[in-house]
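Heads up: the structure comes next, in structure tokens.
The values are calculated or read from the model by the stated rules, or taken from the named source; none is laboratory data. These numbers come from a predicted model, not from an experiment. Ideal geometry is used to build each Cβ from the backbone, glycine not excepted, and the neighbour counts take in all protein chains shown. Protein only, heavy atoms only, side chains kept; ligands, DNA and RNA dropped before computing areas. Shrake-Rupley method; radii C 1.70, N 1.55, O 1.52, S 1.80 Å.
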Amino acid sequence: MAVPARKTWHRRTHGALDTSRAGTWTTRLTPDQIRLSEAVLGERLTSYGYELAGAVRPDPAELLRHRRVEVLRRAAHAKRRTLDRLARVREPGPVACRPATG
């Protein structure tokens with residue numbers, strides 16, 4: 001079982017598989033979001049067997065803005081990961097250090 005029965009907010013994952021939600025992205029995404037998604041993920045979508053909606057490709061400035069946001073998101077994630085690692089390294093161990101005798 002992928003999701004335990006006690007997690008009720010995942011109710012769609014407890015039933016049998018169906019195709020009722022296939023294609024609902026066409027009503028949930030705005031035309032601009034569809035254009036951007038197809039421009040960025042088009043090759044990957046077609047390699048997985050999805051048909052593209054054929055939306056007009058966004059202008060290069062819009063694609064560049066999306067890529068900048070993605071680069072900034074990845075940089076922020078790397079920074080958080082590095083700061084977390086530093087904090088863990090600086091935590092005291094379970095046993096207090098004793099000075100070497102000698």
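³J(HN,Hα) across segment 8-20 via Karplus (A = 6.51, B = -1.76, C = 1.60, θ = phi - 60°), whole Hz, x for Gly/Pro?
6, 6, 9, 4, 5, 7, 8, x, 6, 5, 8, 10, 5
What angle do you read, to the nearest 10 degrees and between 0 and 90, between the alpha-carbon axis of helix 31-47 and the longest principal axis of the chain?
Tilt of helix 31-47: around 80 degrees.
Computed over the Cα atoms of segment 37-81, what is the convex hull's projected area averaged over all directions, in nm²?
3.9
Average the reciprocal distances over every distinct pair of alpha-carbons in the chain, invert the result, and give the Kirkwood radius in Å.
19.1
Per residue, how much accessible surface does the chain expose to a 1.4 Å probe? Answer in Å², no decimals.
Ligands and nucleic acids excluded, the figure is 95 Å² per residue.
Fully extended, how many nm does the chain gain between ALA53 and VAL89 (0.36 nm per residue separation, minus their Cα-Cα distance)?
8.0 nm
On a full-extension model of 0.36 nm per residue, what is the gain between HIS66 and LYS79, subtracting their alpha-carbon distance, rounded to one decimal in nm? Walk me through the intermediate numbers first.
On the way: separation 13, 0.36 × 13 = 4.68 nm, distance 2.00 nm.
Taking HIS66 through LYS79 to full extension adds about 2.7 nm, to one decimal.
Considering only protein heavy atoms and a probe of 1.4 Å, how much of the accessible area of the chain is carbon and sulfur, as a whole percent?
57
Heavy-atom accessible area of ASP32 with all protein chains present, probe 1.4 Å, nearest 10 Å²?
90
Using a Gaussian network model on the chain with a 10 Å cutoff between Cα atoms, which of HIS66, HIS77, HIS14 fluctuates the most?
Taking springs between Cα atoms under 10 Å, the residue moving most is HIS14.
Just the Cα atoms of segment 11-50, one point each, no solvent: what log10 I(q)/I(0) does Debye give at q = 0.14, 0.16, 0.34 Å⁻¹?
Relative scattering, expressed as log10 I(q)/I(0), comes to -0.44, -0.55, -1.08.
Can you tell me which of VAL89, VAL69, VAL40 moves the most in a GNM of the chain? Springs connect C-alpha atoms under 10 Å apart.
Its mean-square fluctuation being the largest, the pick is VAL89.
Count the net charge of all other residues whose Cβ sits under 15 Å from the Cβ of GLY42, scoring Lys and Arg as +1 and Asp and Glu as -1.
Summing Lys/Arg as +1 and Asp/Glu as -1 gives 0.
Across segment 24-30, in residue order, what do the Karplus-derived ³J(HN,Hα) couplings come to in whole Hz, using 6.51 cos²θ - 1.76 cosθ + 1.60 with θ = phi - 60° and x for Gly and Pro?
For segment 24-30, the Karplus-derived couplings read 6, 4, 5, 9, 8, 9, 6 Hz, x marking Gly and Pro.
If R0 is 30 Å, what FRET efficiency do you get for GLU43 and TRP9 from their C-beta distance, rounded to 0.05? Present the calculation step by step, with values, prior to reporting the outcome.
Details: r = 34 Å, r/R0 = 1.13.
After rounding, the FRET efficiency stands at 0.35.
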